[in-house]
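A short worksheet on the structure shown next.
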Amino acid sequence: MICALSDAQQQWIEDAGFKNLLKFELVELPQRLSYKVLQSFDEKNCMLVLKNGVIEITGKVVHAILGLPYQGAEIEFVQDNAVQERLKKWRSQFGISNGQSLVKASDVVDKIKQTGDVDDTFKMNFLVVMANVLIRSNTNNFVSQAVLYFNDDLDHCAKYNWANYLIKSLVITKKRWMRTSSLFFTGPMIFLLIAPLDDKRSSEEQYEHFKSEMKHYFERYPNRSIGNADLIFFPVLAYGHLYLISFNLKKPAFDIIDNIRRGRNAAKEYGPKPKLLRKHFVNYLFENKFELLAQSLKNVKPMYMIMPWQTLGNYKDCGIFLIRHMETYKGEPKNWITDLKAESTIQSAQLIKLRAKYCHAILTSPLNEKRQHVLNESKLLYNKMASDKVMSIVLAASEKKNGAVFRRNDIKGKVLFPEDQDPTEDDTPEK
C-alpha cells in the first residue's frame, strides 16, 4: 500500500506524525512465535518478560519500534454529530448508508490505491488501516471503525499520543484474550513480535542513558564524588507513581522506600525495575573503577522498607513523600525521623503544609530560571490582596480551620538545594 501512495499523500502522513510508517515493512507474521511472545507479556506491569531480561513497554519504546507519536494529549473518542457525519461519509464510499457496515481491510486499501488525492476520505482510510494493522482489530474479517470516533480534526493527529493508545489497547486485549477460550488476539501483535528484536539495543540504550545522566550530575557538581558518598538516591517514576531507591555504600544496602504499604507482595508489585537499576549502577561502578563498591552491591538483596507513616493508597502525594524521604533518610531505618504521623487527617494536614513548603522552595530557588518573575508576581499579588484586606480574611479562615492541627504537628526545617543554593538567603517576597 505504501508504494502506491502519491507524494501528497505521503506528505500528509508525515505531517500527521506517522512518518516512520512510510518505511515500515513486514513480509510475514509468524503465528506460533507471535503467541509465544504474547504469553510473555505481563499486562499488570506492562512489560515483556523474556529469558534474557525484561522490556518495559513505554510510549518511547513504541515510538522507537513503530514510529507512532508518543507525546501530546491523550486520544479521546466521542459519538457527537460531527463524528456521525464522518462515519456516514466514510461508509458511503462502500455504498453503505445505514445499518451494520461490514468492510474488509482489502476494500479500504483498494480505495486508497484508486486516487492520489489528500481528502478526508483518504485520511479516514489511512487511519482505519493503520489502526487495524498496528493497534486493534476485530475478531472477524472486517475492519474496526473505532478510530473514526477520534475527537478532533484528522489533520491534528500529530498532537496526540498514539503510542499510549497502543499500550492501552495491548493491555485491554491481552486481558480479554486471557479470559476467553478464543485463540484470536485482536491487539497489536506486530508490535509484540518486533519488540524482542530490539531487546539488546534497548538494554544498551538504557545503560547509555543512565551513564549520561550520571555524567551530567557530576559535571554540574564537580565537588561531589561517589567515593565520598554514604548514600546514593535514585528517585523512580513508574506507572505514574514516585518512590525512592537508596544504595548505602558504607554499609552495603539496597533499600526501596515507598509511601505505599505493599505487604508480602512487594517484590511482585515492583517487578524487575529495582534490580535493573541496581544492575546499571553496579556496571557504572565497575566501569568507573569503584570495584569494591560494585562487588559489595552486586548481590545484596533489596529491602522493602516498612514505615509507620506509610499509606494504603495515597498515590496523589507520592511526590511529597519522596522529597521528605530524601530530606530525612540517613541510612539508619531504626533512627529515622520524618515527623510524619500515621495515615490520618493529621497526616493529610502535614502533607498540605509540606506541599506549600516545597512549592515555595522550588519556585524561589536560584535554580528556577523564572524565579525573579515568580517573586515579582507574588509581590504584586500580595500587595493587591493586602490593599483589599483579603489576606487577613484568608489567614483567619485558615487558622480557624487548620491552625490547631498545624501547630500540633508542625514540620520544621528549611528546604536545601545543592551548592547553587544559599541556605541563608530569604526569598520570601517583601510586603
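The values are calculated or read from the model by the stated rules, or taken from the named source; none is laboratory data. Just so you know, these numbers come straight off a predicted model, no measurement behind them. Every residue, glycine among them, receives a Cβ derived from its backbone with ideal geometry; neighbour counts consider all protein chains shown.
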Quiz item: Pick from Asn248, Asn265, Asn288, Asn299: which is modelled with pLDDT under 90 and either in the same structural domain as Ile57 (by TED's automatic domain parsing) or not β-branched (Val, Ile, Thr) (or both)?
Solution: Asn265
Quiz item: Restricting to the stretch 330-375, what's the tally of residues that are part of a helix (DSSP H, G or I), closer than 25 Å to Ala229 by Cα and β-branched (Val, Ile, Thr)?
Solution: 1
Quiz prompt | Members of the stretch 148-167 that are within 23 Å of the chain's Cα centre (by Cα) and either free of Cβ contacts under 8 Å to residues at least 60 places away in the same chain or not assigned by TED's automatic domain parsing to the domain that holds Leu102 (or both) | solution = His156
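Would you point out which residue out of Arg91, Arg136, Arg86 is assigned by TED's automatic domain parsing to the domain that holds Asp155, over 25 Å from Ile190 (Cβ atoms) and in contact with a Ser or Thr (Cβ under 6 Å, 6 or more places away or on another chain)? Step through it out loud before you land on a result.
Details: Arg136 fails: over 25 Å from Ile190 (Cβ atoms); Arg86 fails: in contact with a Ser or Thr (Cβ under 6 Å, 6 or more places away or on another chain).
Result: Arg91 is the single residue among Arg91, Arg136, Arg86 that is assigned by TED's automatic domain parsing to the domain that holds Asp155, over 25 Å from Ile190 (Cβ atoms) and in contact with a Ser or Thr (Cβ under 6 Å, 6 or more places away or on another chain).
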Quiz item: Got at least one residue in the stretch 118-136 being farther than 24 Å from Asp7 by Cα and out of contact with any strand residue (DSSP E or B) (no Cβ under 9 Å at 6 or more places or on another chain)?
Solution: yes
Exercise. Can you confirm whether the stretch 304-319 contains a residue that is assigned by TED's automatic domain parsing to the domain that holds Phe234, touching a residue at least 12 places away in the same chain (Cβ under 8 Å) and farther than 22 Å from Gly263 by Cα?
Key: no
Quiz prompt | Residue ID - nearest to the chain's Cα centre (by Cα), chosen from residues in the stretch 112-137 that are surrounded by fewer than 19 Cβ atoms within 10 Å (Cβ to Cβ) and charged (D, E, K, R) | solution = Asp120
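Here are Asp258, Asp230: which of them is closer than 25 Å to Ala342 by Cβ and either assigned by TED's automatic domain parsing to the domain that holds Cys46 or of a type in the set (D, E, K, R) (or both)? Show your work before the answer.
Values: Asp230 fails: closer than 25 Å to Ala342 by Cβ.
Of the residues listed, the single one that is closer than 25 Å to Ala342 by Cβ and either assigned by TED's automatic domain parsing to the domain that holds Cys46 or of a type in the set (D, E, K, R) (or both) is Asp258.
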Quiz prompt | Filtered residue count, the stretch 215-249, keeping only those that are surrounded by 16 or more Cβ atoms within 10 Å (Cβ to Cβ) and not in a strand (DSSP E or B) | solution = 2
